[in-house]
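A quick write-up on the structure given underneath.
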Amino acid sequence: MPYYIIVLGTAGSGKTSLTSVLQTYLAYHQLDAIVVNLDPAVESLPYKPDVDVRDYVDARELMRKTGLGPNGALIASIDMLAANIEELREEIDSYRANYVIVDTPGQMEIFAFRPTGPLVLSALVGDYKAVALFLTDITYTTRPSNLLSALLLAASTHFRLKYPQISVLTKIDLLPREEVEKVLAMLEDPEQLASSITNERDVRLLWDLEDVEYLAEKLTIFETIPVSNVAGEGFDDLYASIQRVVAGGEDYYTEEPNPVL
């Protein structure tokens, strides 16, 4: 029985590169993993997908045929994918992999606001165990109000998809270590985050400090793992966190192997 790892996040958050590094990490540790590209509009990938949604629907071909723009074609492609979801699921199952890493499109409205995204993921995952990784570019979060905005989007996605979720801060190699620690400190201390937001000179909020503290406390419940896709830093911690969710801390290869049919 495979474990699904769903890689989510806004455009530019590092989803595709993290997917590639995570697959390599799992293979290095002798854990069988396949990658599913769920982005019908992507032009190039740093990995070779084992299952590619573009074999079923192609957003760029749809743009040429219908005159739709990039966002419209992507949304229409995901809607069309629902008609081929059983074929896609059968192709994934045919690999009998330990882990299935699903690389998703960067247009978060597909999962946060439209009905088809959650339906497609639900049909793919079925009754298998799954964990969602919500990626945020850490360089965006050095401003406290931006960090709160990212947390709100992560929570919105979690409410829609309803999978256990891990927050992943990417691109930590782009910041000095002390800046990384400042972001992590705000995530560990909601009062500090709230105070930092209300102290921003150009931010005017509808809520007072107590309200922001309450909101920050609720939004910082997800475990946060800082990683660098370039240096490979943090992937031991990320794997351990994934295992705690999907396997209760037990490595997959300690479980009963799948029978060979």
When restricted to 92, 34, the only residue out of contact with any Phe, Trp or Tyr (no Cβ under 6 Å at 6 or more places or on another chain) and at pLDDT 85 or above is 92
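Scan the range 250-259 and tell me whether some residue there is part of a loop (DSSP other than H, G, I, E, B), at pLDDT 90 or above and surrounded by 12 or more Cβ atoms within 10 Å (Cβ to Cβ).
Scanning the range 250-259, I find no residue that is part of a loop (DSSP other than H, G, I, E, B), at pLDDT 90 or above and surrounded by 12 or more Cβ atoms within 10 Å (Cβ to Cβ), so the answer is no.
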Got at least one residue in the range 213-223 being within 23 Å of residue 21 (Cβ to Cβ) and surrounded by 13 or more Cβ atoms within 10 Å (Cβ to Cβ)? yes
Take the residues in the range 149-182 that are out of contact with any Pro (no Cβ under 6 Å at 6 or more places or on another chain) and among the charged types (D, E, K, R), then tell me which one is nearest to residue 124 (Cα to Cα). 162
Filtered residues of the range 125-140 (kept if of a type in the set (Val, Ile, Thr), surrounded by fewer than 23 Cβ atoms within 10 Å (Cβ to Cβ) and closer than 20 Å to residue 170 by Cβ): 131, 139
Can you tell me which residue among 26, 22, 38, 31 is of a type in the set (A, V, I, L, M, F, W, C), closer than 24 Å to residue 241 by Cα and in contact with a Ser or Thr (Cβ under 6 Å, 6 or more places away or on another chain)? 38
(1) closer than 24 Å to residue 238 by Cα; (2) surrounded by 19 or more Cβ atoms within 10 Å (Cβ to Cβ); (3) not charged (D, E, K, R): which one isn't true of residue 196, the others all being true? (1)
Residue pairs qualifying under the 9 Å Cβ cut-off, at least six apart or on distinct chains, with the first in the range 16-36 being under 18 Å from residue 95 (Cβ atoms) and the second being in a helix (DSSP H, G or I) and among the small types (Gly, Ala, Ser), are 33/27; 35/20
Filter the range 2-45 down to residues that are of a type in the set (D, E, K, R), farther than 26 Å from residue 251 by Cβ and under 16 Å from the mean Cα position of the chain (by Cα), then give me how many there are. 1
Of all the helices (runs of 4 or more DSSP H) wholly in the range 1-104, which have at least 3 residues that are touching a helix residue (DSSP H, G or I) at 6+ places or on another chain (Cβ under 8 Å), under 23 Å from residue 167 (Cβ atoms) and of a type in the set (A, V, I, L, M, F, W, C)? 15-28
Please enumerate the residues belonging to the range 39-68 that are touching a strand residue (DSSP E or B) at 6+ places or on another chain (Cβ under 9 Å) and among the charged types (D, E, K, R). 39, 48, 50, 52, 54
Filter the range 17-35 for residues that are buried (at least 23 other Cβ atoms within 10 Å of the Cβ) and among the β-branched types (Val, Ile, Thr); the one that is farthest from residue 105 (Cα to Cα) is 35
If you check residue 83 against the conditions, is it more than 18 Å from residue 42 (Cβ to Cβ), among the hydrophobic types (A, V, I, L, M, F, W, C) and buried (at least 16 other Cβ atoms within 10 Å of the Cβ)? no
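The values are calculated or read from the model by the stated rules, or taken from the named source; none is laboratory data. Because the structure is a prediction, the values reported are computed rather than measured. So basically every Cβ, Gly included, is an ideal-geometry build from the backbone, and we count neighbours across all protein chains shown.
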